[in-house]
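Visitor: Mind having a look at this structure? Questions to follow.
The values are calculated or read from the model by the stated rules, or taken from the named source; none is laboratory data. Note that the structure is a prediction, hence the values are computed from the model and not measured. Virtual Cβ from ideal backbone geometry, glycine too; neighbours counted across all protein chains shown. Just so you know, the surface numbers come from the protein's heavy atoms only, side chains and all, with ligands and any DNA or RNA stripped out. Shrake-Rupley method; radii C 1.70, N 1.55, O 1.52, S 1.80 Å.
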Amino acid sequence: MSKLAVYPGSFDPITLGHIDIIERSLEVFEHLQIVVVHNPGKQPFFTLPERVQMVTEALEERNLLRKVTVSSLDSGLLTKYAEELGANVIIKGFRTGVDIEYELPMARVNRDLTGIETVFLPSDPGNTHISSSLVKQVAALNGEIAKYVPASVIRGFKAKA
């Protein structure tokens, strides 16, 4: 089993659902590389450096940085980057079957390209309703988001206001 796994995502913003996947991944892997990626299909609310900062602060608040490294990838193939890091596993969390239908073809292509396997972790049932998109929508309407995101994200939204 790999000692290093990569957990990619746009993390726009990171949610408590993402944190749950990170914590549970660390029960299986010795070290986790969080890769904040640019998704060309999405227009992010937060910049790449802002997202990296919020992820780093959220993990620092939970004392996880000793077992987690945060980086970003703004272009290129994730699998090539994972290979360069020495990882042979990509972690993907999913909330519903729709997430799996979206992620499964990418997992197969990633394995075809580099041999890197994807491990799917189901969301904790208490987090299945949390998405970055929903958090952004609630925040835009001045709703309370504290039960969905770490404190670093709340600070991030306040800085944007």
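For (1) crowded, with 16+ Cβ neighbours inside 10 Å; (2) part of a helix (DSSP H, G or I), each residue gets a yes or a no:
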| residue | (1), (2) |
| --- | --- |
| ALA82 | yes, yes |
| ALA87 | yes, no |
| ILE90 | yes, no |
| ASP99 | yes, yes |
| LEU113 | no, yes |
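Visitor: Kindly indicate which of LEU59, LEU121 is assigned to a helix (DSSP H, G or I) and either at pLDDT 95 or above or acidic (Asp, Glu) (or both).
Guide: The match here is LEU59.
Visitor: From the list GLY86, GLY93, GLY17, exactly one residue is of a type in the set (Gly, Ala, Ser) and over 13 Å from the mean Cα position of the chain (by Cα). Which is it?
Guide: GLY86
Visitor: So which of PRO44, PRO8, PRO40 is open to solvent by less than 60 Å² (accessible area, probe 1.4 Å) and in a loop (DSSP other than H, G, I, E, B)?
Guide: Within the list PRO44, PRO8, PRO40, the selection yields PRO44.
Visitor: I need the full set of residues from the stretch 115-128 which are open to solvent by 40 Å² or more (accessible area, probe 1.4 Å) and either touching a strand residue (DSSP E or B) at 6+ places or on another chain (Cβ under 8 Å) or free of Cβ contacts under 8 Å to residues at least 12 places away in the same chain (or both), in order please.
Guide: The answer is GLU117, VAL119, PHE120, PRO122, PRO125, GLY126.
Visitor: Among (1) at pLDDT 95 or above; (2) within 16 Å of SER10 (Cα to Cα), which single condition is ALA107 missing?
Guide: Just one mismatch for ALA107, condition (2).
Visitor: Tally up the residues in the stretch 101-111 that are among the hydrophobic types (A, V, I, L, M, F, W, C) and buried (at least 16 other Cβ atoms within 10 Å of the Cβ), please.
Guide: Total satisfying the criteria: 1.
Visitor: Further question on the same structure: Determine whether SER75 is at pLDDT below 95 and open to solvent by 30 Å² or more (accessible area, probe 1.4 Å).
Guide: yes
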